[in-house]
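Working notes for the structure below.
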Amino acid sequence: MAEVILKNVSKIYDDKTKAVDNVNITIADKEFIVLVGPSGCGKTTTLRMIAGLEDISEGEILIDGKVINNLPPKDRDIAMVFQNYALYPHMSVYENLAFGLKLRKLDKHEIDKRVNEAARILGLEKYLDRKPKALSGGQRQRVAVGRAIVRNPKVFLFDEPLSNLDAKLRVQMRTEISRLHKELGATMIYVTHDQIEAMTMGDRIVVMKDGCVQQIDTPLNLYNLPANKFVAGFIGSPSMNFIKGEIAEENFNLFFQSTFGNLKFIIPDEKKNSFIEKKIKKVWLGIRPENIHLTNKDKPSVSVASLKSEILLIEPLGNQTLIYFNFENNQLVSEHHGFISISKGTIHEFLIDLNKIHFFDEESEMRIT
Ligand code: ATP
């Protein structure tokens, strides 16, 4: 068992910077949870407080029901994998893997068994005699993960472990770490600023901004039901488009009208009640790029709103095409399957799928519907 609970946890550096602000997270036994957010949002500080490398200014951290605030790192039964690998350059891979166990005075047979088992799990058997400088980046990262595995800890912490690897290797290591999670059945807490890494690896994701938790949810819920405009814009690539406007009533219908009036449509029935209940008038309309179409030939039954705009830029990516266009002083982007033959500088009609739109309160930026 390894349930980790953060209760009203804050970190204040030098009595001024509130790096982590009243964070509450309950991480279930065997869960893979990802902390994600822009640079400086407090992810690493949160992880370091769990590891015991940073004091907790306020609140409590519990592992399996026991408060660990004052427990030294070595007694927390936690292993951390760092971004820079932190390998000993003068030691072989075997010695790097065995080092922590020797310090703990485990007997030689047990050390040998654990090192060989970790090497097997990570495919490092061939490299046990090599020094770190004779390994590739991906192999070094595996040794860093191996050093955590041999300790057989209750909880694994990962601090941006893949950020020094090239794009292809990152994808490969992502699947390896996910496989490892299944094989070891351990609780894992993983920090990244990369939302794709978060979406592909996490059972649940904690989105942070300015030291505060914005939303804790499954990848799919974060994508489909973002709690606020920040989460909506942070999760998904390319990002969600936003158009400012107002909700108005006319002839017993509720309309959305963009600020300069170039987009106007009736609010779909299933979304109407949220506006009537909450009495919100000024809003941000949110549309994901894949929900803007150039034609609704394929799905004529889908209700759409239309806007006209000049095409600014086309990005053919092979399996998809991104089209950038201007709308009321905003740059918007639409995403289309395959190759689209269209010319820069031409005026085009774009169709917004009204079943897939989001609304956020302009002032609080919280989700309306
Ligand atoms: P990144 O993705 O860039 O690593 P992060 O989300 O992990 O960012 P933290 O490293 O936790 O963010 O930093 C959170 C805030 O705390 C930042 O404003 C940072 O400048 C500040 N901070 C971090 N460490 C210290 C420190 N030792 N002393 C003072 N301020 C610090």
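Summary table below
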| quantity | calculated |
| --- | --- |
| Sites K18 and L225 - FRET efficiency at Förster radius 35 Å, r taken between beta-carbons, to 0.05 | 0.80 |
| Percent RCO, i.e. relative contact order, over the chain, from Cα pairs under 8 Å lying at least 6 residues apart | 15 percent |
| Dmax and Rg, reported as Rg then Dmax, of the chain (C-alpha, Å) | 24.8, 83 |
| Reachable aspartates and glutamates, given that their alpha-carbon falls under 13 Å from the alpha-carbon of K209 and they are not under 8 places away in the same chain | D21 |
| Sequence of I314, I247 once ranked by neighbouring C-beta atoms within 10 Å, starting from the fewest | I314, I247 |
| Listed pairs K66/K108; K279/K308; K244/K308; K229/K279 exceeding 21 Å between Cα atoms | K66/K108; K279/K308 |
| Convex hull of Cα atoms in segment 241-361, direction-averaged projection (nm²) | 7.7 nm² |
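Here, each number is a calculation from the coordinates, and none is a lab measurement. Only a predicted model underlies this, so the values are computations on that prediction, with no experimental measurement involved. Don't worry about glycine lacking a Cβ; one is built from the backbone with ideal geometry, like all the others, and counts go over all protein chains shown.
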